[in-house]
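Below is one structure, written out as structure tokens; the observations come after it.
The values are calculated or read from the model by the stated rules, or taken from the named source; none is laboratory data. Being a predicted model, the structure only gives us computed values, none of them experimental. A quick note on method: Cβ atoms are made from the backbone with ideal geometry, for glycine too, and the neighbour counts reach across all protein chains shown.
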Amino acid sequence: MTVPRITPATTATPAPGVTAAARPGRAPAPFGRALCAMVTPFTDSGTLDTGGAQRLAALLVAEGCDGLVLSGTTGESPTTTDAEKATLVRVVREAVGDRVPIVAGVGTADTRHTVELAAAAEKAGADGLLVVAPYYSRPPQDAVEAYFREIADVSGLPLMLYDIPGRTGTRIEPETMIRLAEHPRIVAVKDCAYDLLGTQRVLARTELAYHAGCDEYVLALYAIGAAGYVSTVANVAPRQFRSVLDAFDSGDTEGAALGQRRLLPLVESMMSAGLPGAVTAKALLNSLGRPAGPVRAPLRPADREAVDGLRAALARVTGEVAVA
């Protein structure tokens, strides 16, 4: 299958199962603009909570998410099995139907394993693949490029590259990204590189749909041409994050900036207070009575003091008061 290239200021036909949200003056976003990096709900005994995953996915879509990313870092992909990853895609697809694209995280440190996960995700009903740079072994850039090309060559789904060197130890350098953009199935990026200059270089020279993967950068990247975001905080504040993009698109740049600033205390509490986003998102979802459940070891649940701080930050942003 060949995925059509995205051309600026057009409404190019998306790949099968992928939506292209056209906005004035912007290239289409093949996986949507307001994407949530969804947690993976578990039961109290630690097994995959398929019913909870379906309920949470439906809630997120109802509250403004126009795309879901499953089995990313927030989805605790390092501790879920291959079978659980495929099941998660299948049950979430059953819950949301064709209303929003589903992007499945499949990246690993092993090219062969990543190819296997990609095939399983496609079979389970994913619309796209989130592929992180190969981690721990820290391959050079020519090997990083070859890794992504091999996955794109054998997959029938479009790819979102995941650049997060703080976790992987491996950067997808801007020049590598520019070369990879030539591949017809490499269409998007989740950007957690904290390199605004490098991001602008890629935006200027490619048609890749960039998504802010760091919640504090959502408006900054959107203002320079990014497609949207893939947000962990959107698990608990989906409407508020989407409103930032909606305000900017309507020409209310002051309102967009105000909305971004209002979210910062919650972003800081969830993403910059020393606990992983999966831990903080699940703590808040559990407090709200929404599906989440425990985290899997080696992660540990937030303690009471941390949960109280998170609840207070959420209440200031959304007005929702989590239960004790």
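Numbers for the structure displayed
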{"item": "Residue selected from the range 191-220 under the condition part of a loop (DSSP other than H, G, I, E, B) and within 17 Å of the chain's Cα centre (by Cα), by the criterion surrounded by the most Cβ atoms within 10 Å (Cβ to Cβ)", "result": "GLY213"}
{"item": "Failed item in (1) among the small types (Gly, Ala, Ser); (2) crowded, with 22+ Cβ neighbours inside 10 Å; (3) touching a helix residue (DSSP H, G or I) at 6+ places or on another chain (Cβ under 7 Å), with ALA278 passing the rest", "result": "(3)"}
{"item": "Single residue of ARG93, ARG112 found to be modelled with pLDDT of 95 or more, surrounded by fewer than 19 Cβ atoms within 10 Å (Cβ to Cβ) and farther than 16 Å from SER231 by Cβ", "result": "ARG112"}
{"item": "Contacts under 9 angstrom Cβ, first residue in the range 66-82 being within 19 Å of ALA297 (Cα to Cα) and at pLDDT 95 or above, partner in a strand (DSSP E or B) and among the charged types (D, E, K, R), 6 or more apart", "result": "GLY72/LYS190"}
{"item": "The range 139-159 residues that are more than 21 Å from GLY169 (Cβ to Cβ), paired with ones that are at pLDDT below 95 and not in a helix (DSSP H, G or I) (beta carbon under 6 Å, 6 or more apart)", "result": "GLY156/MET1; PRO158/VAL3; PRO158/ALA15"}
{"item": "Selection count where residues are part of a loop (DSSP other than H, G, I, E, B) and surrounded by fewer than 19 Cβ atoms within 10 Å (Cβ to Cβ), scope the range 255-275", "result": "3"}
{"item": "Strands (runs of 3 or more DSSP E) enclosed by the range 31-138 - at least 1 residues per element that are more than 23 Å from VAL279 (Cα to Cα)", "result": "128-132"}
{"item": "Exclusive hit being at pLDDT 95 or above, among the basic types (Lys, Arg) and touching a Ser or Thr at 6+ places or on another chain (Cβ under 7 Å), set ARG149, ARG185", "result": "ARG185"}
{"item": "Residue satisfying condition, being hydroxyl-bearing (Ser, Thr, Tyr), part of a helix (DSSP H, G or I) and in contact (Cβ under 8 Å) with a residue 24 or more places away in the chain, within set THR176, THR170", "result": "THR176"}
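To keep it simple, each residue is scored yes or no on (1) in contact with a strand residue (DSSP E or B) (Cβ under 9 Å, 6 or more places away or on another chain); (2) of a type in the set (A, V, I, L, M).
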| residue | (1), (2) |
| --- | --- |
| GLU150 | no, no |
| THR199 | yes, no |
| ALA220 | yes, yes |
| GLY225 | yes, no |
| ALA234 | yes, yes |
